[in-house]
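**Q** First the structure, then my questions, so here it is.
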Amino acid sequence: MEAEIVVIGAGVVGAACAARLTMSGRKVVIVDRVEPGMSCSFGNAGGLSPTISFPLATPDMYKQIPGWLTKPDGPLVVDWKHLPRALPWLLRFLREGMPSRFERAAQGMRTMMRGVFEDYAPLIEFAHAQSLVHRVGQLYVFDTEQGFAKEQGAIETRRALGLEQQVLDGDAIRELEPHLDARFKHGVYLPTHGHCSNPQALVQRFVDASVAAGARFVRGDVARLEPADGGVVIHGLRSPLKARRVVLAGGVWSNELLRPLGASVPLESHRGYHVQLRYGQARPTRNVMWQEMKTLATPMDEGLRFAGTAEIAGTKAMPNARRFELLEKVARRMYPGLQSEGETRWMGHRPCTPDSLPLIGELPSHKSIVCAFGHGHVGLSGASFTSRAVDCIVRGDATDASWAAFSPGRYL
Ligand SMILES: Cc1cc2nc3c(=O)[nH]c(=O)nc-3n(C[C@H](O)[C@H](O)[C@H](O)COP(=O)(O)OP(=O)(O)OC[C@H]3O[C@@H](n4cnc5c(N)ncnc54)[C@H](O)[C@@H]3O)c2cc1C
């Protein structure tokens, strides 16, 4: 079997790339071992955030390290059992907090995030997904003076960059979101942000629209990539499939296919959790981030979703039940009027690089393989930029100098 382009991974990144390539007239085969959007892209917080300007590793993170190792209920935790395996990644992560490296990553983050909606617009039209995307702003809320004080640096940065924001007091917060608890005294409103109210359905629509326009979706587990003359042979499906190009969008599992090619990159799962509660009296309008708790509450089609936590515990360990209980407690403190029945729980693996930037570009040793993975905490937002970049790379038109920050070569 032969194909022009095979996209491995039908998460939001692979599906967005497949849709964009199909729109450009390419013959695309999308391969995933599960149905579209059923991995990390299923349960995220749905946030679409064009003004996010910082990577996770920052110059002031060093004083928080003891807490990561000793506070099991903190927003970022490292499981002791997984520590030896995660150590090389963690050491590189710590290095990324150095001011010069931080600044480079921050610029990359801005490049990827600033055009989220503009980059998504043609894909959303192609997939008839307008009803899933809501540009209604986002609120960050704070219930302590210390928490709000910590946000001042970010407020200053947004101001310096000319990004739209409004600093709010408690009354103004409740004018925007009347069901939020009265504990929140400070807030920042980001009017250019928005959310997707069903991230899995968005992925499914990208795949459906691509298939309707001539692409194919194949359920299968890719076992191995074999570089061959003029392309790559994909092994593990019913029969070997030869492609001129492979777009590797396998999320946190991407390394499993790169390692045998001698191209292993630092990629670690930040396990994230959500609980979703059915709407009672409270039906908020927009995505709200309780900053001290690092918990996002998003009005999804089926209920109010509370998502958060970054837990470094590998891809094999079972979900930690205590995490769900903590999220549920936070949910009730944020929105006291919520209904308690109908709760759903989910855990997924954010594919994280040390500098928080994805790898987008040709693999230096095997140029037929185009990397599109490692979007960490912002893959729903970053998928739209990535699809545009991958389309340019496949066309041989990847001339934008600001894309160098995403080059796979930085880790190889
Ligand atoms: C709790 C939580 C909240 C989040 N909130 C937000 C948010 O508000 N905004 C935002 O922008 N981002 C958010 N994210 C991050 C975002 O969800 C991820 O960055 C994004 O989903 C990653 O997408 P992906 O397509 O790279 O990976 P995935 O969705 O994991 O897809 C990768 C796919 O590749 C397939 N695959 C891998 N290897 C193979 C193989 N060998 N053979 C066949 N198939 C293979 C897998 O089966 C999988 O389906 C959040 C994440 C979490 C966990």
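Rule-based calculations on the coordinates, nothing more; no lab input. Because the structure is predicted, anything quoted here is derived from the model rather than measured. Methodologically, a virtual Cβ is constructed for each residue, glycine included, from the backbone with ideal geometry; neighbour enumeration extends over all protein chains shown.
**Q** Treating only the Cβ atoms of Lys and Arg (+1) and Asp and Glu (-1) as charged, compute the dipole magnitude of segment 274-410 about its Cα centre; round to the nearest 20 debye.
**A** Here the size comes out at about 340 debye.
**Q** Starting from the eigenvalues of the Cα gyration tensor, five times each then square-rooted, give me the equivalent ellipsoid semi-axes of the chain, largest first, whole Å.
**A** Calculated on Cα positions only, the semi-axes equal 34, 23, 21 Å.
**Q** For Pro240, what charge total do you get from the other residues with a beta carbon under 12 Å from its beta carbon, if Lys and Arg give +1 and Asp and Glu give -1?
**A** Net charge in that neighbourhood comes out at +1.
**Q** What Kirkwood Rh does segment 215-273 have if only Cα atoms enter the pairwise 1/r average? Answer in Å.
**A** Kirkwood hydrodynamic radius for segment 215-273: 12.8 Å.
**Q** Could you sort the peptides 40-51, 210-221 by per-residue average Cβ neighbour count (10 Å cutoff), highest mean leading?
**A** My ranking of the peptides, most packed first, is 40-51, 210-221.
**Q** Which value in Å does the Kirkwood hydrodynamic radius of segment 83-157 take, with 1/r averaged over all unlike C-alpha pairs and then inverted?
**A** Result for segment 83-157 stands at 16.4 Å.
**Q** For helix 321-334, what angle does its Cα long axis make with the longest principal axis of the chain, in degrees from 0 to 90 and rounded to 10?
**A** 50 degrees
**Q** Let me ask something else. Go through segment 285-302 residue by residue and turn each phi into a ³J(HN,Hα) via Karplus (6.51, -1.76, 1.60, θ = phi - 60°); whole Hz please, and just put x for glycine and proline.
**A** Running phi through 6.51 cos²θ - 1.76 cosθ + 1.60 with θ = phi - 60° gives 9, 9, 6, 10, 9, 7, 5, 4, 8, 6, 10, 9, 10, 10, x, 8, 4, 9 Hz.
**Q** What ³J(HN,Hα) values, in whole Hz, does the Karplus curve 6.51 cos²θ - 1.76 cosθ + 1.60 give for segment 158-171 when θ = phi - 60°, with x put for Gly and Pro?
**A** 4, 4, 4, 8, x, 8, 6, 7, 9, 8, 10, 9, x, 5
**Q** Let me ask something else. Can you return the lysines within cross-link range of Lys316? Criterion is Cα-Cα under 21 Å, with same-chain partners fewer than 8 residues away left out.
**A** Reachable lysines: Lys81.
**Q** Is there a quick way to get the dipole size of segment 1-85? I mean about its Cα centre, with the Cβ of Lys and Arg at +1 and of Asp and Glu at -1; what is the value in debye to the nearest 20?
**A** 140 debye
**Q** A follow-up question, please. Pick out which of Val78, Val34, Val133 has the largest mean-square fluctuation in a Gaussian network model of the chain, springs linking Cα atoms closer than 10 Å.
**A** So, out of Val78, Val34, Val133, the one fluctuating most is Val34.
**Q** Give me Asp208, Asp181 sorted ascending by neighbouring Cβ count inside 10 Å, so fewest comes first.
**A** Asp181, Asp208
**Q** Calculate for the chain the 222 nm mean residue ellipticity that helices alone would give, adding -39,500 (n - 2.57) per DSSP H run of length 4 or more and normalising by residue count, nearest 500 deg cm²/dmol.
**A** -10000 deg cm²/dmol
**Q** Picking from Ala105, Ala310, Ser269, whose Cα lies most toward the positive end of the charge dipole for the chain (charges on Cβ: Lys, Arg +1; Asp, Glu -1)?
**A** Result: Ser269.
**Q** Here's something else I'd like to know. Would you list, by chain and number, the lysines whose Cα falls below 23 Å from the Cα of Lys185, excluding same-chain residues fewer than 8 positions away?
**A** Lys150, Lys294, Lys329
**Q** Quick one: what are the phi-derived ³J(HN,Hα) couplings along segment 382-391, Karplus 6.51/-1.76/1.60 with θ = phi - 60°, whole Hz, x for glycine and proline?
**A** Using θ = phi - 60°, the values come out as x, 5, 6, 4, 4, 5, 5, 5, 5, 4 Hz.
**Q** Dipole magnitude of segment 158-300 about its Cα centre, charges +1 at Lys/Arg Cβ and -1 at Asp/Glu Cβ only, in debye to the nearest 20?
**A** 400 debye
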